[in-house]
Amino acid sequence: MSETERVTVAAVVTALLLLVPAFALHTSPRFAGSLAGFALGSLAAALMVSLLIYPLAKYSASFRSGLSRFTSMRALLAFHAYGGAFGAFFAILHTGHKYQSLLGIALVISMLVVVATGFVGRYYLPETSAELREAQSRLATLRSAYDRTVAALASAVG
């Protein structure tokens, strides 16, 4: 995971999260039914469906073996991250900020939750686990130094 990839996906997710509340400032009731809205919705749907390639490759050995000739799991995961962020972005643009039905609002919220948790899981959990391992190794070093000091003091006193 490169820093450029992290910054790119973070920018798209930030734009996505800022784009949703923009309905207070702008609404276009006819955009979702227009040709441009249809194109954005179709692109978003195609991206969302293509995201299923990664879980299929991850959990199906036969699918993975056939796909491994063309690409690596690392490349599929990168596509999964980028495609999810951009697919959600295009889906939000497709709505034209017209959130009138409870189903549409629920779908937008669930899509944002999935994108946000995927972003956190992909980019921040590995850092957190690395920091935890580092803290545990420091703790083990300090604990052994403490045990040596206690033993030295116990032998000096006794």
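Some notes on this structure:
- Formal net charge of residues neighbouring TYR123 (Cβ-Cβ distance under 12 Å; K, R +1; D, E -1): -1
- Full-extension gain in nm, ALA36 to SER137, via 0.36 nm per residue minus C-alpha separation: 30.9 nm
- The chain: most fluctuating residue of THR117, THR14, THR141 per GNM, C-alpha cutoff 10 Å: THR141
- Ordering SER68, SER62 by the number of other Cβ atoms within 10 Å of each residue's own Cβ, fewest first, gives SER62, SER68.
- Debye log10 I(q)/I(0) for the chain, one point scatterer per Cα, at q = 0.09, 0.15, 0.19 Å⁻¹: -0.47, -0.90, -1.19
- Pair ALA152, LEU56: separation of 7 Å Cα→Cβ label points (nm): 6.4 nm
- Between SER129 and MET73, the FRET efficiency estimated from the beta carbon spacing at R0 = 22 angstrom works out to 0.70.
- Whole-number D in µm² s⁻¹ for the stretch 56-122, Kirkwood Cα-pair radius fed into Stokes-Einstein, 10 °C, 1.306 mPa s: 115 µm²/s
Coordinate-derived values only; no laboratory data. All values derive from a computational prediction rather than experimental measurement. Glycine also receives a Cβ, built like all others from the backbone with ideal geometry; neighbour counts cover every protein chain displayed.
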